[in-house]
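Taking it in order: structure first as structure tokens, then the write-up.
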Amino acid sequence: MHNPDPDVTLVTPTAPVSAPTHGGRAKCLQRLVRLDLPVPRTVALSFDTVQGIAQGSMPDIETILAEFPEDALLCVRPSSEDPDWGGPGAMLNIGMNDARFADLSEKIGPVGAARLYKRFILAYAAHVARLDPDLFDDLEGYGPDRLEQALAAYEDEAEEAFPQSTAVQLAEVLRSMARAWGGTTARLLREAKGAPVDAGLGLVVQEMALGVGQAECGSGVLQLVNSDTGLPQITGRYLSQSQGREALSEPEAIYLERDARGASLEELAPEAFDALKRHAALMREKLREEMQIEFTIDNGALYILDGVRVRRSARAALRIAVRLANDGIITRQEALMRVEPRALSELLHRQVDIAAARDRLGRGINASPGAATGKIVFSANAAQASAARGEACVLVRRETSPEDIRGMHAASAVLTERGGITSHAAVIGRGIGLPCVVGAARMRFQIRRGVLTAEDGRTFREGDVITIDGTNGEVLAGAPPMVEAELGENFKTFMAWADAERDIGIRANADTPADAKTARNFDAQGIGLCRTEHMFFEADRLTVMREMIFADAPDDRRSALQQLLPMQRDDFTELFRIMQGQPVCIRLFDPPLHEFLPSDRAGLRDLAESLDLPVSDVTRRVEAMGEYNPMLGMRGVRLGITVPEIYDMQVRAIFEATIEASRDGDPVVPEVMIPLVSASREVELVRKRIDAVAAAVKAERQTEFDYRLGVMVETPRACLRAADIAAHAQFLSFGTNDLTQMTYGLSRDDAGRFMSEYVHQGVFLEDPFHLLDTEGVGELLSLGVERGRKARPDITLSICGEHGGNPESIAYCRQVGVDYVSCSPFRVPVARLAAAQLAI
Ligand code: PEP
Ligand code: MG
């Protein structure tokens, strides 16, 4: 039949149907038609046509109807460009009226016919005439008397008889579906899934295979994989005498494949089942995707009504992509593009089962992914005691400080009231793969009283069990079921494919041997940032550290540092050995010294005891070391220049460890990095001392070694003066945490308080500590890269702020020309995949 209207297109193998003009469903149906599958006759209406309908210009309905047999029943389904964007629900059985009812009563019996008619009346009343659905509450069942009552109720409420003309019914259905797309809820829902504001809706009108009748009739849904695991498994249900997706919700639906648990389609209708399996396999191969198939059996004959991409968990997505590539159906590159990098972090940690009920106590920032359950503890000591008893615990603090690190290691998860995405708890949590929610400010934290109050007022005490879902940023009551982390062969294969594609390096930020091992397990290409200060919080070291801080004269200081030297040397030797010759970039001491001093009375007393000084003396000294703004005070290279003995000790430890680790393994070329630089003279001064220590160690040990010296660019001035700085540095690593803090004048530790309000009101598109601000911080970064590279073309450039694990930020860094990014060990796989996708 010739169709004169170009926007109303009969779906044939050659019809001009495309996803951007008619939507994904229309395009998919055309593909199925091309495969010669038994697809009922289908007409596609374009986005323009549907938009016209919403605005009052209806295409010629007779033209549409002319494409179908006169007595056909029709259904209409939405066809948005991306099926995930949703759309109005399908309308079935259009064309049902008194005459068709009489006709069908003879063919399939009055009960079956009444059922189709009544279901159509109910759907039409609710979605098209918009009548109150309660109207039909008393009319359960499908007997012909019920049908009459339904018609009467419709007429009563709508003040007109139920429309009998198929043309009127179809026109009204099209109009209501076209208008539903413009509704606020539908718009917000699809925009949340990434649809553009002007996303279009197409509609497909399809002849119905009834699924209700005398011989075997029914409908069902089938897919060839398990959506949770991604393993091959015929999954779905079939229900005799049903339509649409009823089989998925009705308990009497049967299995598809022969199954010990009950009846199956394979036994009921073996030929149809066989054909269905064949069609499904063909669809997988030719549509190059795992599809969920909607099918109907009508008088023994099989029809394929629709196919949609199988919904899948993160681990299923990975497995499906690998299997499709291994089967030669898609290329490896396509497989890589099909997995969302962030979804990988779900595989690396245990997660709350998505099917589990969630009893939510509060919400905060999802600072470190994964989920863990444990008993509440309110102090680092209690966490360690709990770990010693072998009991999992959740460390609950207002915020964490370096003193909590051992408690964090002992805990299964961390929850804080304050802090943002780069707060102490968040950075450490991500570094060690500990689920962490920070900034849960709507919950009440009474740490001293030992009470945690949920957003809804329920109170929890030490020992009560809660669960931290660091993936979603939620705090849950009790112990919901979990799904285990998964790092099988598929994961390895997939990541190897990613590495073959990417063109920037990926290193890990790793402070401890455990971090370094994780980094190696995830195939990081070295350590891009080792924050040495974390090494000083072990109990035995903290005391020596404090002695060093309290020393009055350089000699006393040197003697304390002399005790720290072998400990640091052992730390570095171990790191070098674990990394087996891969580059290790060690950042010299960065934080303000007073972070190492006690803040409470008991701590001051302990310190006074170990230093053999009166408490009042110690208190006075601690107070004197206080700074108004420590993050902009005496830290980083400023400390390195004013108290040079600390850096001297650290570089000596690095060089001695280099000799030690190179003795029995690959030669080590350590990278030494100076933090918080803002002027090239700082680098010159520190460099001179480092070179002198290197020369001394070489002479003492009669051994040669190489080392690389670099600068951490994390102040705006360092970016602007990158050319002068590059003259003294073999590498520059951009510390985008501090750079963001200083560019915005935004405290890393306090921004959590107003960040969500700022994002909510659109001041910031996203938390700039999480997503690199390409306009401001990014401009400084790119200036730094450009000036540094120009001054010294062979310089190595990298970033090591938290942004290094964020796919969008990685894209920006690659674009401006950094050589590698360095991120928390558990984000290394995410970064590897994101980098591969950028290169494809
Ligand atoms: C940074 O500032 O970006 C950085 C990596 O260092 P830190 O987070 O230790 O200040
Ligand atoms: Mg920094």
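Only a single criterion out of (1) within 16 Å of ligand 1 (Cβ to nearest atom); (2) not in a helix (DSSP H, G or I) is not satisfied by GLN582, namely (1).
Among the residues of segment 353-374, those identified as more than 14 Å from LEU434 (Cβ to Cβ) and part of a strand (DSSP E or B) are ARG360, LEU361, GLY362, ARG363, ILE365. Just one residue in the set PHE769, PHE826, PHE754 is over 20 Å from GLN525 (Cα atoms), of a type outside the set (Gly, Ala, Ser) and more than 15 Å from ligand 1 (Cβ to nearest atom); that residue is PHE754. Among the numbered conditions (1) buried (at least 18 other Cβ atoms within 10 Å of the Cβ); (2) in contact (Cβ under 8 Å) with a residue 24 or more places away in the chain, the only one that PHE136 does not meet is (2).
Being outside any helix (DSSP H, G or I) and either over 22 Å from ARG717 (Cβ atoms) or within 16 Å of ligand 1 (Cβ to nearest atom) (or both) is the requirement here; does VAL672 meet it? Break it down into steps so the answer makes sense when it comes.
Numbers: outside any helix (DSSP H, G or I): yes; either over 22 Å from ARG717 (Cβ atoms) or within 16 Å of ligand 1 (Cβ to nearest atom) (or both): yes.
When the stated conditions are applied, VAL672 passes them.
Scanning segment 106-123 for residues that are surrounded by fewer than 19 Cβ atoms within 10 Å (Cβ to Cβ) and in contact (Cβ under 8 Å) with a residue 12 or more places away in the chain turns up LYS107, GLY109, PRO110, VAL111, LEU122, ALA123. Note on segment 300-331: among residues that are under 21 Å from GLU346 (Cβ atoms) and in a loop (DSSP other than H, G, I, E, B), the one that is nearest to the chain's Cα centre (by Cα) is SER313. Specify which of the listed residues (ASP84, ASP48, ASP134, ASP145) is within 26 Å of ALA199 (Cα to Cα), at pLDDT below 90 and assigned to a helix (DSSP H, G or I). The unique qualifying residue is ASP84.
Of all the numbered requirements in (1) touching a Cys at 6+ places or on another chain (Cβ under 7 Å); (2) over 17 Å from ARG531 (Cβ atoms), SER733 misses one, and that requirement is (2). Scoring ALA834 on the criteria (1) away from ligand 2 (no atom under 16 Å from the Cβ); (2) more than 25 Å from PHE491 (Cα to Cα) leaves a single failure, condition (2).
Would you call ALA153 among the small types (Gly, Ala, Ser), in a helix (DSSP H, G or I) and without any contact (Cβ under 8 Å) to a residue 40 or more places away in the chain? The answer is yes for ALA153. You will find that of GLY762, GLY745, the residue that is within 16 Å of ligand 1 (Cβ to nearest atom) and surrounded by fewer than 24 Cβ atoms within 10 Å (Cβ to Cβ) is GLY745 and no other.
Condition check ((1) within 13 Å of LEU302 (Cβ to Cβ); (2) touching a Gly at 6+ places or on another chain (Cβ under 7 Å)) across all residues:
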{"position": "VAL221", "(1), (2)": "no, yes"}
{"position": "LEU231", "(1), (2)": "no, no"}
{"position": "GLY236", "(1), (2)": "no, yes"}
{"position": "SER242", "(1), (2)": "no, yes"}
{"position": "LEU248", "(1), (2)": "no, no"}
{"position": "TYR255", "(1), (2)": "no, yes"}
{"position": "GLY262", "(1), (2)": "no, no"}
{"position": "PRO270", "(1), (2)": "yes, no"}
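Taking the criterion of being of a type in the set (Val, Ile, Thr), over 14 Å from ARG358 (Cβ atoms) and either within 20 Å of the chain's Cα centre (by Cα) or surrounded by 15 or more Cβ atoms within 10 Å (Cβ to Cβ) (or both), the only residue of segment 455-482 that qualifies is VAL465.
Just checking, does segment 748-765 include any residue being within 16 Å of ligand 2 (Cβ to nearest atom) and within 23 Å of the chain's Cα centre (by Cα)? Yes, some residue in segment 748-765 is within 16 Å of ligand 2 (Cβ to nearest atom) and within 23 Å of the chain's Cα centre (by Cα). Pairing each residue of segment 716-734 that is at pLDDT 95 or above and assigned to a strand (DSSP E or B) with any residue that is among the hydroxyl-bearing types (Ser, Thr, Tyr) and away from ligand 1 (no atom under 13 Å from the Cβ), provided the two are 6+ apart or on different chains, yields C-beta distances under 9 Å for PHE731/THR796; LEU732/THR796; SER733/THR796. When ALA791, ALA727, ALA811 are checked against the criterion of being under 14 Å from ILE504 (Cβ atoms), more than 12 Å from ligand 1 (Cβ to nearest atom) and not basic (Lys, Arg), ALA811 stands alone in meeting it. Among the residues of segment 488-517, the ones that are part of a loop (DSSP other than H, G, I, E, B) and surrounded by 15 or more Cβ atoms within 10 Å (Cβ to Cβ) come to 5 in all. For segment 781-840, filtering for residues that are aromatic (Phe, Trp, Tyr) and either under 20 Å from ARG587 (Cα atoms) or crowded, with 24+ Cβ neighbours inside 10 Å (or both) leaves 2. As an exercise: evaluate GLU250 against (1) more than 37 Å from the chain's Cα centre (by Cα); (2) under 23 Å from GLY109 (Cβ atoms) and give the number of the one condition it does not meet. In the conditions (1) more than 37 Å from the chain's Cα centre (by Cα); (2) under 23 Å from GLY109 (Cβ atoms), GLU250 misses (1) alone. Kindly establish whether LEU676 is within 16 Å of ligand 2 (Cβ to nearest atom) and either at pLDDT 95 or above or hydroxyl-bearing (Ser, Thr, Tyr) (or both). Here the answer is yes, as LEU676 does meet what is asked. Among the residues making up segment 707-722, those that are more than 16 Å from ligand 2 (Cβ to nearest atom) and more than 23 Å from ASP773 (Cα to Cα) are TYR707, ARG708, LEU709.
Sort out which residues of segment 412-433 are under 16 Å from the mean Cα position of the chain (by Cα) and either more than 15 Å from ligand 1 (Cβ to nearest atom) or in the same structural domain as HIS534 (by TED's automatic domain parsing) (or both), and write them in order of number. Once the filter is applied, which keeps residues that are under 16 Å from the mean Cα position of the chain (by Cα) and either more than 15 Å from ligand 1 (Cβ to nearest atom) or in the same structural domain as HIS534 (by TED's automatic domain parsing) (or both), segment 412-433 yields only GLY433. For the residues LEU588, LEU561, LEU575, the requirement of being modelled with pLDDT of 90 or more, buried (at least 18 other Cβ atoms within 10 Å of the Cβ) and within 16 Å of ligand 2 (Cβ to nearest atom) singles out LEU588. Kindly evaluate VAL818 against the criterion of being β-branched (Val, Ile, Thr) and in contact with a Phe, Trp or Tyr (Cβ under 7 Å, 6 or more places away or on another chain). No: the conditions fail for VAL818.
To keep it simple, each residue is scored yes or no on (1) at pLDDT 95 or above; (2) surrounded by fewer than 21 Cβ atoms within 10 Å (Cβ to Cβ); (3) under 18 Å from VAL308 (Cα atoms); (4) touching a Gly at 6+ places or on another chain (Cβ under 6 Å).
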site: ASP5; (1), (2), (3), (4): no, yes, no, no
site: VAL11; (1), (2), (3), (4): yes, no, yes, no
site: ALA19; (1), (2), (3), (4): no, yes, yes, no
site: ALA26; (1), (2), (3), (4): yes, no, yes, yes
site: LEU29; (1), (2), (3), (4): yes, no, yes, no
site: VAL39; (1), (2), (3), (4): yes, no, yes, no
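When you scan segment 158-256 for strands (runs of 3 or more DSSP E) that lie fully inside it, which ones turn up with 1 or more residues that are surrounded by fewer than 17 Cβ atoms within 10 Å (Cβ to Cβ)? The qualifying strands (runs of 3 or more DSSP E) are 232-240.
The values are calculated or read from the model by the stated rules, or taken from the named source; none is laboratory data. Computed from a predicted model, the values in this text were never measured in an experiment. Virtual Cβ from ideal backbone geometry, glycine too; neighbours counted across all protein chains shown.
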